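The numbers here are math on the coordinates, done by the rules we state, and not lab data. Computed from a predicted model, the values in this text were never measured in an experiment. Positions of Cβ are backbone-derived with ideal geometry, glycine not excepted, and every protein chain shown enters the neighbour counts.
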Amino acid sequence: MIDTRFFIKKCCPTLLEIEKMCHAHLQEKNKGSVVITDINTVNHAGEGEICFFYDHKKKAEASQIKASACITTEELSVFVPKQTAVLTCDNPKVAFLTLNEVMYAEKSPLIKIAQTAVIGKNCTIGEECSIGDYVVIGENVEIGDGTIIEPFAIIRDNCKIGCNCRIGSHAYISYTIMGNNCYIYNGARLGQDGFGFQTIEGVHKRIPQLGRVIIGHDVEIGSCTCIDRGAMDDTVIGDGTKIDNLVQIAHNDKMGRGCIIVSQTGIAGSCHFGDYVVCGGQSGFADHINVGSGAQIAAQSGIMRDITPGAVVMGSPAVAFKDFMRQVAFLQKNSKK
C-alpha cells in the first residue's frame, strides 16, 4: 500500500480504464467496473488493490494472491487464483510504470522563491520555478521554466539549467550547462576540478581545469555522485543517461546516450562511452578507455583496455563473460585436487 503522507493519489481507476491505459486484455469483462484503490505487491495486495506478477521463479506464490486484480502475462495467468480479475499484457513491468504514473505523484514544493534564497546579479529565472530556503545562486545564471531547486543547493556563476529540472538539497553545480528534464539528486557535485597534477622537481603541481560539464536532456545523477569538469575539453553526459549514487566521473569523460552507471563505479579521465553502455556496481575504468555502444560491464569488473561494441565482460582485468566463467570453472575444479 502506498503511504499517502508522502505521495499524492491522483485517481482510482476501474479495471476497464486500466485495461485501456496499460494496453492490456481484461479476461472477464463483467469485472470492468471494479474500482482499484491502490497498488501493492503480490504478497500483500488485498481487496480493492492490484498487483503485478511477472516473475517465473515465483509461480508457487501466485496461488496465494488475494488482490482484486492482477496484471500478468498470458503464460503466467493460469497460476492466478480464479477470484482475482486477470489482465494480460506483453510486459507487466511497463504496465506497472504506466499505472504508477496515472495513480500517484510525488509531492512538489510550492512555486515560489524563498526569502532566504540568495540570487546574484543578472540571473534569468523562468516561470513557475521553485527555489527553496538557503539556496545560493551566483551571477548570470539561467534557470528554465518549471525547475525546482531544493534547500541549500548552490549554483555557481554563469551556469545554465534547463526547463523542468530538479536540483536536490545540498547539490553543488559549477561550470555546467544542463539540458531539460534533468534530476540532480541530493548532494551531487558537478563541475569540480578534475584530478590533474604534474610532478615538477618533486612537487605535485595542480593542472588548471579549464573545461566544462555538459549535461544532455533527461539525465539523472544520483546522490553524492561527482562529475569533474574537463581540463581543456568538456566532460559530457549524453541524453537519457542515468547515473546512480556514489559514482565518480573524471575530467574529459564522454558518456553517450542512454547509458546506465550503477553505484560506486569509478571512471578515470578521458574515457569515451558509446550509447547504452551498462556498468555494474563497483566497476572501475583506467584512463583513456573506449567502450563501444551496447557494451555491458559486470559488477566489480576492472577495465584496462578498450571494449568493443556489444561486448559483455566480467572480472579484473575484465575478459569476455564466457571466458570468465571458464576461468571460474577451471579454478573450482582444480582447487579440489
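Based solely on its DSSP helices, what 222 nm [θ] is calculated for the chain when runs of n ≥ 4 H residues each add -39,500 (n - 2.57) and the sum is averaged over all residues, nearest 500 deg cm²/dmol?
Counting only the DSSP helices, I get -3000 deg cm²/dmol.
Name the aspartates and glutamates eligible as straight-distance cross-link partners of K10: C-alpha to C-alpha under 13 Å, and not fewer than 8 places from it in the same chain.
D38, E101, E106
Would you work out which of Q300, F6, I125 lies farthest towards the positive end of the dipole of the chain, given +1 charges on the beta-carbon of Lys and Arg and -1 on that of Asp and Glu, about the Cα centre?
The listed residue farthest towards the positive side: Q300.
Which residue fluctuates the most in the chain, going by a Gaussian network model with Cα springs under 10 Å, if the choices are C51, C182, C259?
Of the options given, C51 has the highest mean-square fluctuation.
Amide H to amide H under 5 Å from V236: which residues, 5+ apart in sequence or cross-chain, H placed 1.01 Å off N in plane?
Correct list: I214, D253, K254, M255.
Show me 3-10, 237-244 ranked by packing, highest mean number of other Cβ atoms within 10 Å first.
237-244, 3-10
In whole angstrom, how far apart do the alpha carbon centroids of region 227-289 and region 1-73 sit?
38 Å
Among the listed pairs K20/K160; K93/K333; K107/K254; K82/K107; K31/K59; K59/K333, which are separated by more than 32 Å between their Cα atoms?
Too far apart for the 32 Å limit: K20/K160; K93/K333; K107/K254; K82/K107; K59/K333.
Rg and Dmax of the chain, using alpha carbons, in Å: what are they?
Considering the chain through its Cα atoms, Rg and Dmax are 24.4, 84 Å.
What is the angle, in °, between the Cα long axis of helix 321-334 and the longest principal axis of the Cα atoms in the chain? Nearest 10 is fine, range 0 to 90.
Relative to the chain, helix 321-334 is tipped by roughly 80 degrees.
Full extension from R5 to F197: what is 0.36 nm times the residue separation minus their Cα-Cα distance, to one decimal in nm?
Details: separation 192, 0.36 × 192 = 69.12 nm, distance 4.98 nm.
Separation in residues times 0.36 nm, less the Cα-Cα distance, equals 64.1 nm.
Give the angle, between 0 and 90 degrees and rounded to the nearest 10, that separates the Cα long axis of helix 92-103 from the longest principal axis of the Cα atoms of the chain.
The two axes meet at around 90 degrees.
Treating only the Cβ of Lys, Arg, Asp and Glu as charged (+1, +1, -1, -1), what charge dipole size does the chain show about its Cα centre? Round to the nearest 20 debye.
With only Lys, Arg, Asp and Glu charged at Cβ, the dipole is about 1060 debye.
Over region 89-150, what is the mean sequence separation of C-alpha contacts under 8 Å (at least six apart), divided by residue count, expressed as relative contact order in percent?
29 percent
Under a point-charge model restricted to the Cβ atoms of Lys and Arg (+1) and Asp and Glu (-1), what is the dipole moment magnitude of region 171-323 relative to its Cα centre, in debye to the nearest 20?
120 debye
Considering the chain as a Gaussian network with a 10 Å cut-off on Cα pairs, which listed residue, T73, T116, T124, attains the greatest mean-square fluctuation?
T73
If N is the number of residues in region 227-267, what value comes out of its Cα radius of gyration divided by 2.2 N^0.38 Å?
On the way: Rg = 9.8 Å, N = 41, 2.2 N^0.38 = 9.0 Å.
In units of the 2.2 N^0.38 Å rule of thumb, it is 1.09.
Which residue fluctuates the most in the chain, going by a Gaussian network model with Cα springs under 10 Å, if the choices are S169, S77, S223?
Looking only at S169, S77, S223, the biggest GNM fluctuation is shown by S77.
If N is the number of residues in region 7-106, what value comes out of its Cα radius of gyration divided by 2.2 N^0.38 Å?
The value comes to 0.96.
Hand me the trypsin sites (Lys or Arg not before Pro) from region 74-164 located in a DSSP loop with no more than 16 other Cβ atoms within 10 Å, in residue order please.
When the trypsin sites (Lys or Arg not before Pro) of region 74-164 are filtered for loop state and at most 16 Cβ neighbours within 10 Å, K82, K107, K112, K121 remain.
Mind listing the phi-derived Karplus ³J(HN,Hα) values for region 75-81, rounded to whole Hz, using 6.51, -1.76 and 1.60 with θ = phi - 60°, and x for any glycine or proline?
With coefficients 6.51, -1.76 and 1.60, one gets 4, 8, 4, 5, 8, 7, x Hz.
Got a sec? How would V118, V203, V34 order by Cβ neighbour count within 10 Å, fewest to most?
Values: V118 12, V203 8, V34 18.
With the sparsest Cβ surroundings first, the list reads V203, V118, V34.
Would you compute the Debye intensity of region 150-273 from its alpha-carbon atoms alone, equal scatterers and no solvent, and pass along log10 I(q)/I(0) at q = 0.11, 0.22, 0.23 Å⁻¹ to two decimals?
Evaluating at q = 0.11, 0.22, 0.23 Å⁻¹ gives log10 I(q)/I(0) of -0.33, -1.26, -1.37.
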